[in-house]
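Computed from the coordinates by the stated procedures, all read-outs in this text should not be read as laboratory data. None of the values given here were measured: they were computed from a predicted structure. So basically every Cβ, Gly included, is an ideal-geometry build from the backbone, and we count neighbours across all protein chains shown.
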Amino acid sequence: MNIEEYKRPEPRQPEARLSEWFSPAKRGVGGWAFLLHRFTGIVLVLYLALHFYVLSYLARGPEAYQAALNFLENPIFVALEVALIAAVIYHGLNGLRLILMAYNIGVKHQKAMFWVVFVLSALTTLVAAVYML
Amino acid sequence: MAEVTFKIYRYKPGAIDPPRYDTFRVDVEAHETVLDILERLRLDDPTLTYRHSCHHGSCGTCGMVVNGKEVLACVTRVLELGTDTVVVEPLHHFPLVSDLVVDMTPFFEKYEPVGMPYIRESEYIPEGQPSEEVGTYVRFESCLECGLCLSACPVVGTDPEYLGPAALAAAARVVQEPRGQDVASVFQMVDTEQGCWRCHAAMECSEVCPNDVDPGGMIMFLRRELLTGKAHSGGKR
Amino acid sequence: MTGGKKTWWWQALSGLVLVFLLGLHLFANHFMAGGLLTYDDVVTYLSNPWILTLEVLFLATVIYHALLGVRALMLDRGISGQQERKLTRVLVVVGVVLFLYGIWLFWVILT
Ligand code: HEM
Ligand code: HEM
Ligand code: SF4
Ligand code: SF4
Ligand code: FES
């Protein structure tokens, strides 16, 4: 090839992959905290939408609402409800951790704070689950 | 000495496209680094490309992803990785020029406008009294401009507008030690949706930073300054 | 609006408030006197004006926080300033509609 004709090829641009938010590959403790916070946040938003839908049965009178509740009594939904409680508790406690960190409190101990959040969430969920089942 | 399998990411626009992994079996000595091995392999295959300069972890050009983690290849001993197979890939989130070579332009586009002076007062040797001509001891700023933090950050990966950990850490350094720079305008630059408020404290940046800049911690420092009103002179309310 | 601090701060504040209001909501629904298991339980629960006030406050806060969260997710995807303003407008409309729907539900239940 004639050197004058040579053109430097364009570099390949990076692609934005949303899966990266949730990829478990090689994460530090803070990375896991972020993954879980984001995941539970999205789950809660989806639940809120579903919740609003189920509550619409309230507007259709006691019988319709009771029928909807009976449908939700199935063990699968109860299990999902426990998972929901776990999501709420983790998201809430880690939210507090994130707020502390933004005030530059405990940033050096963010990993320890994550484990505190994690263990507290697990224990509270366990207590809630025992009550609910 | 041990035999190690190297799986190296290969890509050249128009030539090796789609990308592939080339596999090499290599005898590795205890002292040898990932960069040493790449240089040996290049003797047999001159088309293998990578960036490097200083060979001692101070120029920041040899950043790459080894076994999924961002490292400086020149100070990463192969046998200390402890795996029989070592996977070598280019940094994430940068335009890819060839094999392990990325285009650092997006890094400097965000980093340079902050205007951090490179020389800082040294906090070391507190007992040593510098002579009068010297005044104070100085040293270079810690950031090597290696881009490892940008490669590790999950937000940089999806939001090209985000200022990113290195630039924000540089901004925090200016706030801590202005050295004649305009702190107010730096606060204005980082107090934005795409500045220090885009971060979600995943701390992956601090996890990989080879020189303890702790960009994640620096971002939290900036937030505290902005939240507690210490940045009145510059930060927008 | 360049108020990155403002949106973060409101997200944090609404999160803090939610710790209490969502805590109350879950506590009431599951544990208080065995939980709200029937239509009548719900009516009785909401008949208390204090509870009703807190539940309306909860409704508003949770919608606000959730939509700010969705906005943060969208910004993390990387969008232009123009798209951002459009997104914010859409989310405001969604929020208002959801809030009115919630209020309407309370009203239907109580009358
Ligand atoms: C229980 C009390 C809660 C607290 C303390 C809390 C706290 C927080 C904080 C501090 C953030 C910002 C995180 C960041 O910038 O990285 C956040 C994000 C978020 N929250 Fe909450 N939150 C709570 C409840 C909820 C609820 C009930 C929902 C949904 C209905 C929700 C949905 C979200 C979403 C979608 C995000 C964005 C997620 C992300 O950016 O990764 N949160 N929350
Ligand atoms: C599994 C646990 C839950 C149960 C059993 C439950 C049950 C109920 C019931 C019976 C009501 C109607 C009466 C009232 O306003 O208190 C209600 C309303 C409401 N719930 Fe929940 N809830 C649960 C979890 C949640 C969560 C996690 C959220 C937030 C993400 C939430 C958000 C709301 C809101 C905003 C309303 C008010 C809706 C309206 O305007 O009527 N709930 N819930
Ligand atoms: S702490 Fe912030 S800048 Fe660092 S990796 Fe996490 S999101 Fe990115
Ligand atoms: S902050 Fe650390 S990881 Fe980021 S460019 Fe500077 S030295 Fe490299
Ligand atoms: S070659 Fe200079 S840091 Fe590795």
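Among the residues of segment C:53-64, is any free of Cβ contacts under 8 Å to residues at least 60 places away in the same chain, of a type in the set (F, W, Y) and surrounded by fewer than 17 Cβ atoms within 10 Å (Cβ to Cβ)? Within segment C:53-64, none of the residues are free of Cβ contacts under 8 Å to residues at least 60 places away in the same chain, of a type in the set (F, W, Y) and surrounded by fewer than 17 Cβ atoms within 10 Å (Cβ to Cβ). Residues that are within 14 Å of another protein chain (Cβ to nearest Cβ), among the aromatic types (F, W, Y) and either within 16 Å of ligand 5 (Cβ to nearest atom) or not in a loop (DSSP other than H, G, I, E, B) (or both): does segment B:47-58 have at least one? No, the conditions are met nowhere in segment B:47-58. Under the condition of being within 16 Å of ligand 4 (Cβ to nearest atom) and assigned to a loop (DSSP other than H, G, I, E, B), the residues counted in segment A:1-53 number 2.
Filter segment A:99-113 for residues that are touching a residue at least 12 places away in the same chain (Cβ under 8 Å) and surrounded by fewer than 21 Cβ atoms within 10 Å (Cβ to Cβ) and give the result. Listed by number, the residues that qualify are A:L100, A:K111.
Residue-wise test of (1) within 14 Å of chain B (Cβ to nearest Cβ); (2) crowded, with 16+ Cβ neighbours inside 10 Å.
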| residue | (1), (2) |
| --- | --- |
| A:R12 | yes, yes |
| A:K26 | yes, no |
| A:R38 | yes, yes |
| A:A49 | no, no |
| A:F71 | no, no |
| A:I85 | no, yes |
| A:V88 | no, yes |
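Listed here are the strands (runs of 3 or more DSSP E) enclosed by segment B:72-136 that have at least 3 residues being of a type outside the set (F, W, Y), under 29 Å from B:V186 (Cβ atoms) and in contact with a Lys or Arg (Cβ under 9 Å, 6 or more places away or on another chain): B:119-121. Taking the condition away from ligand 5 (no atom under 16 Å from the Cβ), in contact with a Pro (Cβ under 6 Å, 6 or more places away or on another chain) and without any contact (Cβ under 8 Å) to a residue 60 or more places away in the chain, does A:E20 pass? Yes.
Of the listed requirements (1) within 14 Å of chain C (Cβ to nearest Cβ); (2) more than 22 Å from the chain's Cα centre (by Cα); (3) of a type outside the set (V, I, T); (4) surrounded by fewer than 23 Cβ atoms within 10 Å (Cβ to Cβ), B:D191 misses just one: (4). Across segment B:69-98, the number of residues qualifying as more than 22 Å from B:S58 (Cβ to Cβ), in contact (Cβ under 8 Å) with a residue 24 or more places away in the chain and not β-branched (V, I, T) comes to 7.
The criterion of being buried (at least 17 other Cβ atoms within 10 Å of the Cβ), within 16 Å of ligand 1 (Cβ to nearest atom) and either within 27 Å of B:H56 (Cβ to Cβ) or within 9 Å of chain A (Cβ to nearest Cβ) (or both) holds for B:A202.
Quick check on segment A:73-95. Is at least one of its residues part of a helix (DSSP H, G or I) and more than 30 Å from C:D41 (Cα to Cα)? For segment A:73-95, residues part of a helix (DSSP H, G or I) and more than 30 Å from C:D41 (Cα to Cα): present.
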